[in-house]
Amino acid sequence: MPLIRKPASPPETPAPDDRNIAEMLIEGSDDERWTAARRTTLLPEALPLLTTALSKERIARVREAIFTALAKMGSSESAAVIIPYLRSDDAAQRTAALDALRAMPGAAAVHLPGLLKDADADVRLLACEIARVLPADDASRLLEELIERELNPNVCAAAIEVLAETGTAASLKVLGQCATRFPEEPFLAFAIKTARDRIGSR
Amino acid sequence: MDDTQQITEDEFKRLADFLYRRTGMVFTETKRYYVERRIIERIVATSSRSFAGYFAYLRSETRNEVEHLINAFTVNETYFYREDHQLACLSSDLLKERVTAKRPGDTIRIWSVPCSTGEEPYSIAIWLLENWKDVDAYDIEIVGSDIDTRVLEAAAEGIFGKRALMRLSPELIERYFHGLDDERWQILEDLRQSVRFSRVNLIETKETRPQGRFDVIFCRNVLIYFDDESRRIAAENLYDNLLPGGFICLGHTESMSRISPLFEVCRYSGAIVYRRPQELRA
Amino acid sequence: MSDYSKKRVLVIDDAALVRTYYRSALEARGFVVEEALNGLEGLEKVLLQAFDLAIVDVNMPQMDGITFLHTLRSKELPISGIPVLVTSTESGMQDMAAARRAGANYYLVKPIKQETLAEYAAIFCGAAR
Ligand SMILES: C[S@@+](CC[C@H](N)C(=O)[O-])C[C@H]1O[C@@H](n2cnc3c(N)ncnc32)[C@H](O)[C@@H]1O
């Protein structure tokens, strides 16, 4: 019966030498850069190191690890390193940056009001999804303010999508006004009606 | 709110959209009545005054309310041969794939994390002894880990009641357990000795790393309850705990699409499993 | 009027309101609709089920639409060649060019009207026959 052997002690994956982390993060192989990125937060100069590494890194998996390290730091400064990647021409980079910001809600929240006023509509649109991870009241207030001044229908739609989840009766008025501003956009009319139904009036 | 009240269709959809986004679980209209009753139970249990109040509480993820709600409408018990289609996939596909690069006598490592009170790692052991023709050709090492030392103690003891054994045939119970009394059975000593248990927090890299690398990891019904930061860290830990080309199986209501892009999606005999990519080296 | 009752469309978009809007447009014309929230869930769906068309957004969590399309086209599956309609809010040349390089059959700029979506779905499902 004992076909399954009594286990031997597991082969440990070798842990890298802490002194080499900085060097490995920039110059190592794919695996070394990944491992280094995962350990960088232990170092005092982690932020500038990760900033440089991110600007050079081309491998998606290693970029993920760098973003995770920045999310773990969870500071307004580490969020600021991620934000420029929301403007990337590469959709995969925008996605990775947005996912990282969502994993650090407190730090991302600091930048959110600015992002929702960004000159680039695509950035405002992505920023709406950051609001989703904030406490509902903060998210709704920021999104209602955005909708009141927003001229781009797609940005409004992104904000309405999140408001359908976070909104309260107080959001209904802004939603109603938005509908009258885009009479030519059937999708917005539909989104607004659905969001209002979801939020309800109770 | 009391439990005679109802929630509206729009409220149901609002909650269903939230859970779908967060966990990947789909709540269709056909299940509405059943799910609705469970939601109302949770509204009452959390002393929420209204659906809106409850929904805000759920979203804030205070006191693991997402987990409580999901537990309210899923069978949350762990028992032997639970999700046996995944065990079938393990013996018919995943191990076949893993041994292509191994030689007889090599080690195959399987990790059940979280293993709770041990039903899962012991099920894997029994299933392989019963259903994998090459079981004698390799050294199979099974490790069960959990964050909770109390469940680990129970797992190592290996004593189970009727309900835990309900999916096992009398022959299997006869073969792998001995009865302690009318209500309790203990896993045979040999089998207990062949599964190693260890305490591991999935989001602590210094605890996951010493477990080494595995061919297959079963990580069921835990990742989906983590927040976004913990999901990322746990996924990276699991990646490091897999050999290149190694597989990870989640619970049947879970999807890696809500957790991490690090793994490849694969399909084997109707089951979706995830894989650490092979290294691309010439 | 054509009958699309056997045509299966996979809608991949992270916005619930968008998916609902597309679903009602397509179901009204007899299409069968499945949904996914991002590229990874989309890949899970195409591994388990057959589709005649995928409608895919660009910006989505975990896996964007362009990466989804790359991955789909690089797999050697019967379904790898299905027509894919990419939708995005960006009318920027970069995304459009990336979608084309990744193997998109067509690119629609959001917001999209229900009639437009249904029209293109009909064209691509017809062409797939
Ligand atoms: C619902 S059970 C899942 C057990 C089993 N995999 C199954 O599907 O039946 C959840 C288990 O996760 C464990 N757990 C929770 N957080 C954990 C963590 N951070 N690391 C490891 N285990 C954890 C709990 O102790 C509990 O035993």
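Structure above, values below:
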{"quantity": "Lysine pairs in chain B with Cα atoms under 30 Å, if 8 or more residues apart or on separate chains", "calculated": "6"}
{"quantity": "Helix-derived mean residue ellipticity, 222 nm - over chain A, DSSP H n ≥ 4, -39500 (n - 2.57), to 500", "calculated": "-20500 deg cm²/dmol"}
{"quantity": "Residue-normalised accessible area of the protein assembly as shown, expressed per residue, 1.4 Å probe, Å²", "calculated": "42 Å²"}
{"quantity": "10 Å Cβ shell holding at most 16 others, DSSP loop, GluC sites (Glu not before Pro): longest site-free stretch of chain A", "calculated": "A:46-183"}
{"quantity": "Overall form of the range A:19-115 per C-alpha gyration tensor (a/c, 1.5; a/b vs b/c)", "calculated": "oblate"}
{"quantity": "Chain B: calculated mean residue ellipticity at 222 nm from DSSP helix runs of at least 4, using -39500 (n - 2.57)", "calculated": "-11500 deg cm²/dmol"}
{"quantity": "Exercise: per-residue mean of other protein chain Cβ atoms within 10 Å, A:88-101", "calculated": "6"}
{"quantity": "Rel. contact order, % - alpha carbon contacts under 8 angstrom, at least six apart, chain C", "calculated": "24 percent"}
{"quantity": "Distance between the range A:129-202 and the range C:1-31 - C-alpha centres, whole angstrom", "calculated": "24 Å"}
{"quantity": "Sequence-separation-based contact order of the range B:9-73, relative, with Cα cut under 8 Å and 6+ spacing, percent", "calculated": "27 percent"}
{"quantity": "Rounded, prolate or oblate (a/c below 1.5 giving rounded, otherwise prolate when a/b exceeds b/c) for the protein assembly as shown by Cα gyration tensor", "calculated": "prolate"}
{"quantity": "DSSP bridge pairs, the protein assembly as shown: antiparallel proportion in percent, nearest 5", "calculated": "25 percent"}
{"quantity": "Of B:Y57, C:Y106, A:P44, farthest towards positive along the dipole that unit charges on Lys, Arg, Asp, Glu beta carbons give the protein assembly as shown", "calculated": "C:Y106"}
{"quantity": "Of all accessible heavy-atom area on the range C:8-125, the percent that carbon and sulfur account for (1.4 Å)", "calculated": "53 percent"}
{"quantity": "Rough spin-label spacing in nm, given labels placed 7 Å along Cα→Cβ, for C:T116 and A:N20", "calculated": "5.6 nm"}
{"quantity": "Three-way shape call for the range C:8-125 based on the alpha-carbon gyration tensor, with the a/c threshold at 1.5", "calculated": "rounded"}
{"quantity": "Contact order normalised by residue count of chain B, Cα under 8 Å, 6+ apart, percent", "calculated": "17 percent"}
{"quantity": "Interface A:B - total buried accessible surface [probe 1.4 Å, Å², rounded to 100]", "calculated": "4100 Å²"}
{"quantity": "Aspartates and glutamates with Cα under 15 Å of A:K56, excluding same-chain neighbours fewer than 8 positions away", "calculated": "A:E23, A:E27, A:D30, A:E32, A:E64, A:D90"}
{"quantity": "Residues of type lysines that C:K113 reaches as a straight line, Cα spacing below 22 Å, ignoring anything fewer than 8 places off in the same chain", "calculated": "A:K193, C:K7"}
{"quantity": "Alpha carbon centroid spacing (whole Å) that separates the range A:82-109 from the range B:212-237", "calculated": "22 Å"}
{"quantity": "Crossing angle, helix B:119-131 versus chain B [Cα axis fit, 0-90 degrees, rounded to tens]", "calculated": "50 degrees"}
{"quantity": "For B:E141, residues with placed amide H under 5 Å, excluding near neighbours", "calculated": "B:I108, B:R109, B:I110"}
{"quantity": "For the range A:19-39 and the range C:45-71, distance of Cα centres in Å", "calculated": "32 Å"}
{"quantity": "Neighbour net charge for B:T149 - beta-carbon separation under 13 angstrom, K R +1, D E -1", "calculated": "-3"}
{"quantity": "Extension gain from A:D137 to A:A60, taking 0.36 nm per residue of separation minus the Cα-Cα distance", "calculated": "24.3 nm"}
{"quantity": "Exercise: per-residue mean of other protein chain Cβ atoms within 10 Å, B:190-199", "calculated": "3"}
{"quantity": "Integer Hz, Karplus 6.51/-1.76/1.60 couplings in order for the range A:54-71, x for Gly and Pro", "calculated": "4, 5, 9, 6, 10, 8, 4, 5, 5, 4, 3, 5, 5, 4, 4, 4, 5, 5"}
{"quantity": "CD proxy at 222 nm, helix term only [per DSSP H run n ≥ 4: -39500 (n - 2.57); per residue of chain C; nearest 500]", "calculated": "-13500 deg cm²/dmol"}
{"quantity": "Net charge dipole size for the protein assembly as shown [Lys, Arg +1 and Asp, Glu -1 on Cβ; Debye, nearest 20]", "calculated": "780 debye"}
{"quantity": "Size of electric dipole in chain A: Cβ of Lys, Arg +1 and of Asp, Glu -1, about Cα centre, debye, nearest 20", "calculated": "600 debye"}
{"quantity": "Leading residue at positive end of dipole, the range A:52-188 (Cβ point charges), from A:V174, A:L115, A:S55", "calculated": "A:S55"}
{"quantity": "Chains A and C together, accessible area buried on both sides, 1.4 angstrom probe, square angstrom", "calculated": "2000 Å²"}
{"quantity": "Extension gain from B:I147 to B:S47, taking 0.36 nm per residue of separation minus the Cα-Cα distance", "calculated": "33.0 nm"}
{"quantity": "Under the Karplus curve 6.51 cos²θ - 1.76 cosθ + 1.60, θ = phi - 60°, whole-Hz ³J(HN,Hα) for the range B:86-100, x wherever Gly or Pro sits", "calculated": "6, 5, 4, 5, 4, 6, 8, 10, 5, 5, 4, 5, 5, 7, 4"}
{"quantity": "Neighbouring partner chain Cβ atoms per residue of B:232-240, average, 10 Å criterion", "calculated": "4"}
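The values are calculated or read from the model by the stated rules, or taken from the named source; none is laboratory data. This one's a predicted model, so the numbers in the text were calculated from it and none came from an experiment. Cβ: placed from backbone, ideal geometry, glycine included. Neighbour counts: every protein chain shown. Just so you know, the surface numbers come from the protein's heavy atoms only, side chains and all, with ligands and any DNA or RNA stripped out. Shrake-Rupley method; radii C 1.70, N 1.55, O 1.52, S 1.80 Å.
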